1. If you check L42 against the conditions, is it at pLDDT below 90, assigned to a helix (DSSP H, G or I) and touching a helix residue (DSSP H, G or I) at 6+ places or on another chain (Cβ under 8 Å)?
2. Within segment 162-173, can you find the residues that are surrounded by 10 or more Cβ atoms within 10 Å (Cβ to Cβ) and of a type outside the set (A, V, I, L, M, F, W, C)?
3. State whether one or more residues within segment 69-83 are surrounded by 10 or more Cβ atoms within 10 Å (Cβ to Cβ) and under 23 Å from F14 (Cβ atoms).
4. If you check K132 against the conditions, is it under 30 Å from A174 (Cα atoms), part of a helix (DSSP H, G or I) and among the charged types (D, E, K, R)?
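The values are calculated or read from the model by the stated rules, or taken from the named source; none is laboratory data. Just so it is clear, the model here is predicted, and its values are computed rather than measured. Positions of Cβ are backbone-derived with ideal geometry, glycine not excepted, and every protein chain shown enters the neighbour counts.
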Amino acid sequence: MKISGSSRKGYIAFLFITASLLYTGVAFGSGGGITVLPDWTLWVQMANFLIIVWALNIVLLRPIRKILIQRKEKITSIEQSIETSNKKANEKGDAFDSGIKDARAKGLNEKNVLLKEAADEEKEIIEKINQKAQEDLAEVREKIARDVESVRASLQKEIDKFAGAIGEKILGRAV
């Protein structure tokens, strides 16, 4: 019979107690206490004890050990699944962070491109407005120049009338 673990310790303790009782002959006290005389009942009690230990081992200890082993395996598997879940969560968090970082960089690049396009479009619009303003200014100057010429021509025709009228007013008589 192979004995291992805590059963070995119990077996050794049992042998030690039995041997000490057999050799000393005294269980309690010193001198006139209770004395134990080894007879056939000692062997019956030892056999009874071994049968009870064997029965308890089968009925209680083995199922309890199996349950403890199953619990330990279950806890180990749960811990492994927790570690796996934590790793996956960390990986997903890192992927999310990098995705956000990439999206921000992409958005910033698009914003810069849009700002540059808007600035270019603004320059084109301002140039068109300046050109139109220059054209309008040139038209207005031409129109003013034409108007000045037409007014000058009409005034040239009437200059004699105006000179006569001014002369009459200055001299106070008709010229």
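1. yes
2. Once the filter is applied, which keeps residues that are surrounded by 10 or more Cβ atoms within 10 Å (Cβ to Cβ) and of a type outside the set (A, V, I, L, M, F, W, C), segment 162-173 yields G164, G167, E168.
3. Within segment 69-83, none of the residues are surrounded by 10 or more Cβ atoms within 10 Å (Cβ to Cβ) and under 23 Å from F14 (Cβ atoms).
4. no
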